[in-house]
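Please treat every number below as a calculation from the coordinates, not as lab data. Since the model is a prediction, treat every value here as computed from it, not as a measurement. Here the Cβ positions follow ideal geometry from the backbone for every residue, glycine too, while neighbour counts run over all protein chains shown.
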Amino acid sequence: MKILITGGASFIGSALIRFLIKQTEHTVINVDKLTYAANLASLKTVQSSECYYFEQADICASGQISEIFCKYQPDAVMHLAAESHVDRSIKSAGEFIQTNIVGTYSLLEVTRQYWEHLLEPRKSAFRFIHISTDEVYGDLPLTAEPSAENSPYAPSSPYSASKASADHLVRAWHRTYGLPTIVTNCSNNFGPYQYPEKLIPLMILNALQGKSLPIYGDGLQIRDWLFVEDHIRALYDVLIKGKVGESYNIGSHQEKSNIEVVYSICELLEELVPNKPKNVQKYVDLITYVQDRPGHDVRYALDATKIQKELGWKPQETFKSGLRKTVNWYLDNKE
Ligand code: NAD
């Protein structure tokens with residue numbers, strides 16, 4: 001199968017491409033604009049494969065994207081290209097609206113025009129997998145049940161609102177035009193190659209340099225954390241076995257507060273890097289509380305039983321084992 005992946009130079013997209021090239025026979029076409037968040041070095045181990053192609057393009061540039069569809073004739077699209085950092089969306093929402101909403105609309109239209117001309121059986125077998133987030137369900141009270149696929153959408157930030165809009169467009173393109181789409185909503189990912197503006201890599205790298213570990217507000221915001229390779233296996237299961245028109249939550253059922261996450265990182269660093277920067281006695285001493293993010297959601301939690309029951313997926317890593325792998329990876333790849 002030829003799989004066109006948007007945003008393949010991202011943290012999650014690159015993990016998906018490494019998996020597809022190393023562990024399957026599929027061909028991958030990576031379409032990425034290469035924004036600040038992209039990192040082609042994360043694809044070094046697969047870039048010389050005969051099954052890997054790269055095209056630098058903006059998903060909003062429909063003419064160029066159409067040409068890429070004509071050239072490669074994909075059997076599936078996995079759409080990951082996005083602006084993904086909540087803090088950036090608060091400072092400047094325009095890019096989020098453009099890429100996440102207008103870009104998804106534009107990609108859906110190009111895909112639809114291509115798909116409508118496919119002949120059977122390729123037309124029925126075609127898939128458009130849209131990779132989204134648990135943040136679309138919004139803030140959950142501490143006592144509330146985790147969000148299920150039929151929970152109402154209530155996004156809080158410009159980022160989550162733009163992803164929610166994209167999810168609705170994808171569903172509409174299925175219902176209205178019959179495009180074979182599936183939506184996935186995943187919790188917070190962590191693992192190797194994550195851009196160091198996100199919580200876990202930021203804390204690891206700051207601690208190693210003896211810099212402060214800034215915690216928003218009281219640090220009690222709760223997230224469900226999933227090791228990125230578990231997310232990738234889930235996405236592959238959805239591509240191969242997922243039911244068209246459905247959405248699947250992907251989560252680990254491991255809720256942790258931000259402060260717990262940072263304490264766990266510090267504990268691991270005490271064990272793995274006992275030789276600290278001169279200004280540091282204990283890594284936890286670097287924790288500093290800073291002003292909270294506006295509109296900061298207190299809790300996201302996902303009910304991921306549907307994908308477990310229907311597709312047989314479950315995470316292989318615990319938070320603890322995944323975090324150890326992640327910290328070790330950053331220690332081995334400081335550059
Ligand atoms: P990222 O921020 O690391 O990278 C985004 C990628 O998209 C970059 O390679 C960038 O160059 C590309 N891109 C941005 N705008 C583009 C455009 N207009 N055209 C083409 N390419 C463009 O992303 P990530 O954190 O790996 O997330 C990937 C996807 O997974 C996103 O859709 C995100 O919403 C979703 N997601 C992420 C998480 C998470 O914890 N990181 C959790 C759930 C869902």
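Here are a few things to note about the model shown:
- Using the Stokes-Einstein relation with a Kirkwood hydrodynamic radius computed over Cα pairs, the translational diffusion coefficient of segment 204-335 at 4 °C and a viscosity of 1.567 mPa s comes to 78 µm²/s.
- Under 5 Å, built H, 5+ apart or other chain: amide partners of PHE54: ASN30
- For the chain, size of Cβ-based charge dipole, Lys and Arg +1, Asp and Glu -1, in debye: 420
- Shape class of segment 9-83 from the Cα gyration tensor (axes a ≥ b ≥ c, square roots of the eigenvalues): oblate, since a/c reaches 1.5 or more and a/b does not exceed b/c.
- Among SER156, SER14, SER124: highest mean-square fluctuation, GNM of the chain, C-alpha pairs under 10 Å: SER124
- Cα-Cα pairs of segment 179-270 separated by more than 21 Å (percent): 42
- Loop trypsin sites (Lys or Arg not before Pro), segment 224-310, which have at most 15 other Cβ atoms in a 10 Å radius of their Cβ (DSSP): LYS243, LYS278, LYS282
- The charge dipole of segment 118-248, taken about its Cα centre with unit charges on the Cβ atoms of Lys, Arg (+1), Asp and Glu (-1) only, comes to about 540 debye.
- Tail weight of P(r) past 18 Å, computed on alpha-carbon pairs of segment 113-182, percent: 49
- Projecting the Cα atoms of LEU205, TYR248, VAL238 onto the charge dipole of segment 198-249 (Cβ charges, centred on the Cα centre) puts LEU205 farthest toward the positive pole.
- Loop-located chymotrypsin sites (Phe, Trp or Tyr not before Pro) in segment 2-101 (DSSP state other than H, G, I, E, B) with a sparse environment of at most 10 neighbouring Cβ atoms within 10 Å: TYR36.
- Amide H partners (placed H, <5 Å) of ASN185, local residues excluded: SER132, TYR248, ASN249, ILE250
- Out-of-range pairs (alpha-carbon distance over 23 Å; input LYS256/LYS278; LYS44/LYS243; LYS123/LYS241; LYS243/LYS309): LYS256/LYS278; LYS44/LYS243
- For the chain, calculated [θ]222 nm from helices alone, where every DSSP H run of n ≥ 4 adds -39500 (n - 2.57): -11500 deg cm²/dmol
- At an R0 of 22 angstrom, the distance between the Cβ atoms of LYS278 and LYS320 translates into a FRET efficiency of 0.15.
- Segment 1-55: GluC sites (Glu not before Pro) in DSSP coil with no more than 10 other Cβ atoms inside 10 Å: GLU25, GLU50
- Cα shape, segment 220-291, gyration tensor, a/c 1.5 rule: prolate
- Cα convex hull volume per residue for segment 51-178 (Å³): 134
- Relative counts (whole %) of C-alpha pair distances in the chain, using bins that are 10 Å wide: 6, 26, 35, 23, 8, 2, 0
- Only Lys, Arg (+1) and Asp, Glu (-1) charged, at Cβ; segment 3-59 dipole about Cα centre in debye: 200
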